[in-house]
Amino acid sequence: MTTLDPGAWFTPDGEPRRMGFFTDTSVCIGCKACEVACKEWNGVPSDVAGFTGMSFDNTVALGADTWRHVAFVEQAPVGLEWFGEDAAAGTAPAAPSAQDLRFLMSSDVCKHCTRAGCLDVCPTGAIFRTEFGSVVVQEDVCNGCGYCVSACPFGVIERREDDGRAFKCTLCYDRSKGGLEPACATACPTDSIQFGPLDELRDRAAGRVEHLVAAGQSRAQLYGADPDDGVGGFGAFFLLLDRPEVYGLPPDPVVPTRDAARMWRMAGAAAGVLVAGIAALVGLSPRGGR
Amino acid sequence: MSAAAGGTAAGAPGADGYYGRPVLKRPAWTWEVPWYFWTGGLAGASSVLSVAARAAGNRPLARAAAIAAAPAAAVSPALLVSDLGRPERFLNMLRVFRPSSPLSMGAWLLSAYAPLAVGAGAAELLGILPRTRTAAAVGAAALGPGLVTYTAVLLAHNAVPVWHGAQRELPFVFAGSAAASAGGAAFLLAPAAAAEPARRVAIAGGLLELAAERAMERRLGPLAAPFEGDGPAARLGRWARGLTAAGTTLAAAGGGRAGRWRRRGPPCCSPAAPASAGRCTGRASPPPRTRAPPSGRSAPAWTPASPRARDPQARSTRPVRPAPVRVRNSATLGPASSLSRHGTYR
Ligand code: SF4
Ligand code: SF4
């Protein structure tokens, strides 16, 4: 899937549609073609961490210089549940064989949140929402205040230290403008990264997770497909084979601006206490005068 | 792949999030920000004190507070600008007005406040332009309380659970600490006969700060883990609280002999000192690690530093601005001492 039918980008009335990713980790083979394609297309600097010992993962986490990150999780079935089942059957647990090990691989990316903390708190307007619903930093406007970094509940956006500005995935906005799929989705050989109109992707994902659960993947679940979650749903959501935290993803992300009204109310109350307190202590009575 | 394959061995990635890595990024703010919180708080509360004192007929105290506010108001923007990754682009903050961004609100607030406070202080010092001075002082006093407390909103707009969770009490911590600083500064600058109200403001501010902090920690519960134990954040928090308590007690003990205390006592006895001391000593928190919760609910992703001393990000940023490469390696290869969500090191 390199080019999309022009009809995919716009509604019949010519309105741009909300585009996004469905990353189906059940078919990810850990080839990292997405990481490479992203770096190549976007000119993202190298940030090799060296040999980490974290399975095949040497890029470690998303950041200013890593916009696609393939996570590798090795799992062996020696957890409590296993003992539980065996205890019930009255047998001793057998040593796990190589057959019992499993690899979870998942290509992580900026979630392009419906309610994006980074965008909400950006004081320069450098971060904006594109016509395709993606969240993009304008590099010529960003002044490096770093506020977006602590407002992202996923630890995605980061300041590049030698540059001073914040960087993250753009959903390949430049390619979108030209009707091309993002570089990572184009490079993905198994269609683990699927790009398209978000509503269509959600339908497709619902069918896929149903299929996997029926096939015995009891923990298969969608992550970020629910428009009612703490960030209003992700523009880039995932099908995971285990709990989100296993992949280093927060299980219940909440945009920090959700409680803004209460925070400002409390600040107002504290300001009131400050003024009233000082006035009283210098000898002003509430009715004015001394 | 058996159906039971989801169970993970102890020490395997699933048991500790993703290789014990933090979910969140370390906030990018540098040492300037906590200093700015202090100077902004000192200035804002001083402007209020100045106008209140003048309204109450205490001219010398009004003068002292206005003169204290001016330098603090003057350095605040400089601190805020030098914290930026691209300081030369600071004006980009004034190209938009965004109520959803506390930093945008703060930038506008400070741009309006700083010239007024500096102007009022300068006119006071030089004894010129009384009308303009009064207008500027009233303007600064109107904006001052906002400058003092918006910084709490700024901090709480944060994915870091310990800061986000402090959203209700943090404005009161900041208001108390600002009042303590402003009261202390005016107490030192005003003639003894006029300084008594400033002493009262300083005491009340110190008490409010301590009480609000306690309430905040109570509410945070397990999230307050970084405040307990022996980490740098906890140590600094204890120092800050101890100094605030000592300063407040000294100010209270000064009582009728305020003048003598003031003439003899070094500034470190002033209630203003503790707050600043807490801030000066800001240090980095231990490298935050994340543990995902064993199941279900969102856990504190990380709990990097203590807002206790009102300058949490000093601790989380300045000294530990690690080269990404090194951190990554040590985090993955180093001994597994990760801060659990219950605050115990393991
Ligand atoms: S994941 Fe983070 S960086 Fe991406 S849109 Fe959401 S808040 Fe912004
Ligand atoms: S959409 Fe583009 S910028 Fe984002 S991860 Fe994929 S290749 Fe990189």
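Partner shielding of A:233-246 amounts to 3, given as the average count of beta-carbon atoms from other chains within 10 Å of each residue beta-carbon. Once backbone amide H atoms are built at 1.01 Å from N, A:Glu181 has A:Leu4 as its partners under 5 Å, excluding neighbours fewer than 5 places away on the same chain.
Compared with the rule-of-thumb size 2.2 N^0.38 Å for a compact globular protein, chain A has a Cα radius of gyration ratio of 1.24.
Could you list the square roots of 5 times each eigenvalue of the Cα gyration tensor of the range B:191-235, that is, the equivalent ellipsoid semi-axes, sorted largest first and rounded to whole Å? Numbers along the way, then the final one.
Details: eigenvalues 218, 31, 4 Å².
Its equivalent ellipsoid spans semi-axes of 33, 12, 4 Å.
Among A:Gly232, A:Gly248, A:Gly63, which one moves the most in a GNM of chain A with springs linking Cα atoms closer than 10 Å? Of A:Gly232, A:Gly248, A:Gly63, the Gaussian network model singles out A:Gly248 as fluctuating most.
Take the Cβ-Cβ distance between B:Leu91 and B:Arg131 as r, set R0 to 35 Å, and report the resulting FRET efficiency rounded to the nearest 0.05. Don't skip to the answer; put the middle values down first.
On the way: r = 31 Å, r/R0 = 0.89.
With a Förster radius of 35 Å, E is 0.65.
Fully extending the segment from A:Glu40 to A:Ala215 would add 59.3 nm, taking 0.36 nm per residue of separation and subtracting the current Cα-Cα distance.
For every other residue with a beta carbon closer than 15 angstrom to the beta carbon of A:Tyr173, add +1 if it is Lys or Arg and -1 if Asp or Glu, then tell me the sum. Walk me through the numbers on the way to the answer.
Working: positive: A:Arg17, A:Arg18, A:Arg129, A:Lys168, A:Arg175, A:Lys177; negative: A:Glu131, A:Glu139, A:Asp140, A:Asp174, A:Glu181.
Taking every other residue near A:Tyr173 into account, the sum is +1.
Averaged across the residues of B:169-177, what count of C-beta atoms belonging to other chains lies within 10 Å of each residue's C-beta? Mind showing how you got there, number by number?
On the way: counts 2, 4, 11, 6, 1, 4, 10, 4, 0.
Partner Cβ neighbours, averaged per residue: 5.
Taking the range A:176-218 and a reference point 7 angstrom along Cα→Cβ of A:Glu139, the backbone N atoms nearer than 19 Å belong to A:176-178, A:182-184.
For the pair A:Tyr173 and A:Asp203, what calculated FRET efficiency results from E = 1/(1 + (r/R0)^6), where r is the Cβ-Cβ distance and R0 = 30 Å, to the nearest 0.05?
Values: r = 25 Å, r/R0 = 0.82.
Here the calculated transfer efficiency is 0.75.
Across the range A:6-257, Cα pairs under 8 Å and at least six residues apart give a relative contact order of 27 percent. For the range A:1-80, the average shadow cast by the Cα convex hull is 8.6 nm², which is a quarter of the hull's surface. Along the range B:236-246 the Karplus relation, 6.51 cos²θ - 1.76 cosθ + 1.60 evaluated at θ = phi - 60°, assigns HN-Hα couplings of 5, x, 5, 4, 4, 5, x, 5, 4, 5, 5 Hz to successive residues, with x for each Gly and Pro. Normalised by 2.2 N^0.38 Å, where N counts its residues, the alpha-carbon radius of gyration of the range A:165-252 equals 1.19. For the residues of B:197-207, the average number of beta carbons from a partner chain within 10 Å of their own beta carbon is 3.
Evaluate the Kirkwood expression for the hydrodynamic radius of the range B:32-268, namely the inverse of the mean inverse distance over all pairs of different C-alpha atoms, and round to one decimal in Å.
The Cα-based Kirkwood calculation yields 18.4 Å.
Taking a ≥ b ≥ c as the square roots of the eigenvalues of the Cα gyration tensor of the range A:105-174, is the shape rounded (a/c under 1.5), prolate (a/b larger than b/c) or oblate?
Working: a/c = 1.41, a/b = 1.20, b/c = 1.18.
Here the range A:105-174 falls in the rounded category.
In a reduced charge model with +1 at each Lys and Arg Cβ and -1 at each Asp and Glu Cβ, the range B:177-219 shows a dipole moment near 120 debye about its Cα centre. Helices that extend 30 Å or more along their long axis by alpha-carbon positions and average at least 0.0 on the Kyte-Doolittle scale are, among the DSSP H runs of chain A, A:260-281. Across the range B:32-268, C-alpha contacts under 8 Å between residues 6 or more apart give a mean separation that, scaled by the residue count, equals a relative contact order of 21 percent.
Compactness of the range B:104-235 is given as radius of gyration and Dmax, 17.8, 55 Å, from Cα positions. Between the range B:30-69 and the range B:145-196, the C-alpha centres lie 11 angstrom from each other.
All other residues whose Cβ lies under 10 angstrom from that of A:Val73 are scored, Lys and Arg at +1 and Asp and Glu at -1, for a net of -2.
Take the Cβ-Cβ distance between A:Ala276 and A:Thr190 as r, set R0 to 45 Å, and report the resulting FRET efficiency rounded to the nearest 0.05. If you can, show how the numbers build up before the last one.
Details: r = 65 Å, r/R0 = 1.44.
It comes out at approximately 0.10.
What is the local net charge at A:Ala269, summed over the other residues whose Cβ is closer than 13 Å to its Cβ (Lys, Arg +1; Asp, Glu -1)?
Working: positive: A:Arg262, A:Arg265, B:Arg168; negative: B:Glu169.
Once all neighbours under 13 Å are counted, the net charge is +2.
Comparing mean-square fluctuations of A:Ser26, A:Ser176, A:Ser46 from a GNM of chain A with C-alpha springs under 10 Å, the top value falls on A:Ser46. Taking amide H as placed 1.01 Å from N in the peptide plane, the amide H of B:Gly20 sits under 5 Å from none that are at least 5 places away or on another chain. Taking amide hydrogens as placed 1.01 Å from N in the peptide plane, the amide H of A:Glu158 sits under 5 Å from those of A:Ala64, A:Phe167, each at least 5 positions away in sequence or on another chain. Counting 0.36 nm for each residue step from B:Ala192 to B:Ala78 and taking away their Cα separation leaves a gain of 37.8 nm. DSSP loop (so not H, G, I, E, B), at most 14 other Cβ within 10 Å: list which trypsin sites (Lys or Arg not before Pro) in the range B:220-256 pass both filters. Passing sites in the range B:220-256 do not exist.
Once you reduce the range A:259-281 and the range A:218-240 to the center of their Cα atoms, the two points are 38 Å from each other. Derived value for the range A:135-197: Kirkwood hydrodynamic radius 13.4 Å. Basis is the mean of 1/r over every pair of different alpha-carbon atoms. Each residue of the range B:79-85 was assigned a 3J(HN,Hα) from its phi angle through the Karplus expression (A = 6.51, B = -1.76, C = 1.60, θ = phi - 60°), giving 5, 5, 6, 6, 6, 5, x Hz with x at Gly and Pro. Dipole check for chain A: with +1 at the C-beta of Lys and Arg, -1 at the C-beta of Asp and Glu, and the Cα centre as origin, the magnitude is about 1260 Debye.
Where a number appears in this text, it was derived from the coordinates with a stated rule and is not lab data. Model, not experiment: these values are computed from the prediction. Cβ sites come from the backbone with ideal geometry, for glycine too, and all protein chains shown count toward neighbours.
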